[in-house]
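The structure appears right after this line, and notes come after that.
The values are calculated or read from the model by the stated rules, or taken from the named source; none is laboratory data. This structure is a prediction, so every number in the text was calculated from the model and none was measured. Neighbour counts run over all protein chains shown; Cβ positions are idealised from the backbone, glycine included.
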Amino acid sequence: MQDFHQALSVAFQLIGSRDPELSDIVALSLRVSMTATVIATLVGAPLGVLLAITRFPGRQSLIVLVNALLGLPPVVVGLAVYLLLSRSGVFGDLGWLYTPAAMVVAQVTLTTPIVLALVHRMTEGLWRDYGDHLQIDGASRPRAIYELLVIGRAGLLTAFLFAFGRAISEVGAIIVVGGNIRGVTRTMTTAIALETTKGELALALGLGVILITISIGVSAAGFLLNRLTSRD
């Protein structure tokens, strides 16, 4: 076990020198989480708007289900994706298990309900304010969805940031489907867990500092967006 102060000093040296292993881990983490969040937003945002402006039997039950999915245990998501992508699974022929693609699938599964739920809540208020105007103008359903997303773009970006924050900090699901393979599927969270159990604190602390910095940046961006939106 390394001395904490020595390990912290080495950690900042790794960050300052742009250590290749640390840089590769950070780059993979950002690439996987950003890809997953973009996909989740492209899927979840239109569905959230559609759920807000459409009335159909069972709608309230579906809303309850979407909100319940916000608390999905990551390891359970990882297990479900693992079973689907394993050799005997439905999508086993894709060969995605223990690759970044599998990690993206797991994070999309976790973050899509977040985007869907937040956009749904945002759109309900916008529909009350602008729904009559859109209906008077005779906008089609796709056009209405587009217009509401444009009007609520600040809220949409907040949902994106919230989902990205969840994705970048997630460990349970991606370690199940990614396997934490060095140079292939090792992300910041999985590397921190592995290096800590090995007693190698320098790399773990370096990655921890970067992860906390990213998390604070995402939170600050979301806070500023909310402040700017409330002023408008």
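General remarks:
- Condition met for residue 53 (modelled with pLDDT under 90, β-branched (Val, Ile, Thr) and surrounded by 16 or more Cβ atoms within 10 Å (Cβ to Cβ)): yes
- Checked against (1) within 16 Å of residue 33 (Cβ to Cβ); (2) surrounded by fewer than 13 Cβ atoms within 10 Å (Cβ to Cβ), residue 221 meets all criteria but (2).
- Residue 77 fulfils the conditions (1) more than 21 Å from the chain's Cα centre (by Cα); (2) assigned to a helix (DSSP H, G or I); (3) at pLDDT 90 or above except for a single criterion, (1).
- For residue 211: the one exception among (1) outside any helix (DSSP H, G or I); (2) at pLDDT 90 or above: (1)
- From the list 45, 36, the one residue that fits, being assigned to a helix (DSSP H, G or I) and either at pLDDT below 90 or within 18 Å of residue 168 (Cα to Cα) (or both), is 36.
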